[in-house]
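What follows is a short report on a single structure.
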Amino acid sequence: PRARGVDLPQDSGWQFVGRNSALRDLSAWLTDSVDLRTTVITGDPGSGKSAVIARLYILSHPDWNKTVPRQGVPADTFPPEGAIDVAIHARGLTSQQVLTALCAAARVEAATPGDFLRARSGKPMVAAIDAIDEAVDPDRLVSAILNPLIDAGPKVGLRMLLGTRPYLLDRLSTAARHINLDDGHYADPESLCAYAARCLQFTAPASQYTRLDPTRLHAIAEAIAQAAGRSFLVGRIVSRRLAVQETIPDPADPAWRASLPGTAAEAMQ
């Protein structure tokens, strides 16, 4: 669902849009056989870390990538097929469970990161591990599992694509490079506006916004995006709420624009 830009597996359609700068850089990194450093994707809550990682994995999957709509999507934002060997969502997992998942993907048995690296015998491998900050023991996951793999990985052909909130960055090895989705180069306000428009149209059955004048639809989506800042999560929550309401707001109404939430907490309330 994250790769499609939706919340739940039963949600239909592909709402994901944009993030081309981040996807382009990450696809190039996955193609590069020289730069084997781990890459860490970070950003504030709702900035789309999980969506970017999930999309890269789905696009690299030999079977699932056939389901991704490609019209209008730049070709250089697609990673090579098979570029990511395993994707692990660390939410609710212990550090040892994450290591066990890596071992299962590599078809080896190991109790420590050192054993894991030795057992692989230098075979190239790319692992995507998201939601590090939501693991049962994130500090131990970083210090005891990930940092040894980050440091030694390039020498034995292992690189990782990690997703975490910023507070863990200073605990991760300095050998990893960082991509902050909230930085100016990667922030994508135009895509947030387009995403809000898609959510207005397609997240509710028989949404009135599918028949709305495109100019007015864009104005409403643009107001949502401006209020949401860099948070795709806020844009999704607000758009979904508006999509099920009986009335369509006037985007020129200053009172309505002022009422739009700018944080996830405000949007949820």
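Remarks
- Filtered residue count, segment 1-23, keeping only those that are under 18 Å from residue 159 (Cβ atoms) and without any contact (Cβ under 8 Å) to a residue 60 or more places away in the chain: 1
- Top-ranked residue in segment 221-269 [being of a type in the set (Lys, Arg) and under 18 Å from residue 48 (Cα atoms); ranked as surrounded by the most Cβ atoms within 10 Å (Cβ to Cβ)]: 236
- Scope segment 4-42; condition part of a helix (DSSP H, G or I) and among the acidic types (Asp, Glu); matching residues: 25
- Whichever residue in segment 90-102 is open to solvent by less than 70 Å² (accessible area, probe 1.4 Å) and in a helix (DSSP H, G or I) and, among such residues, is nearest to residue 135 (Cα to Cα): 95
- Candidates 157, 122, filtered to the one that is farther than 15 Å from residue 172 by Cα and open to solvent by 30 Å² or more (accessible area, probe 1.4 Å): 122
- Residue list for segment 43-82, filter: assigned to a loop (DSSP other than H, G, I, E, B), of a type in the set (Val, Ile, Thr) and open to solvent by 20 Å² or more (accessible area, probe 1.4 Å): 73
- Taking the conditions (1) modelled with pLDDT under 80; (2) open to solvent by less than 10 Å² (accessible area, probe 1.4 Å) in turn, residue 27 satisfies each one other than (1).
- Flag if residue 190 is under 20 Å from the mean Cα position of the chain (by Cα) and open to solvent by 70 Å² or more (accessible area, probe 1.4 Å): yes
- For first residues located in segment 125-145 and farther than 12 Å from residue 162 by Cα, partners that are charged (D, E, K, R) and lie 6+ apart or on another chain with Cβ distances below 6 Å form the pairs 125/85; 134/91.
- Residues considered: 87, 152, 105, 111. Of these, the only one that is among the hydrophobic types (A, V, I, L, M, F, W, C), over 20 Å from residue 50 (Cβ atoms) and open to solvent by 40 Å² or more (accessible area, probe 1.4 Å) is 111.
- When residues of segment 23-38 are limited to those that are touching an Asp or Glu at 6+ places or on another chain (Cβ under 8 Å) and among the hydrophobic types (A, V, I, L, M, F, W, C), the one farthest from residue 146 (Cα to Cα): 28
The values are calculated or read from the model by the stated rules, or taken from the named source; none is laboratory data. Model, not experiment: these values are computed from the prediction. Note that each Cβ is placed from the backbone with ideal geometry, even for glycine, and that neighbours are counted across all protein chains shown. All accessible areas refer to the heavy atoms of the entire protein, side chains included, with ligands and DNA or RNA removed. Shrake-Rupley method; radii C 1.70, N 1.55, O 1.52, S 1.80 Å.
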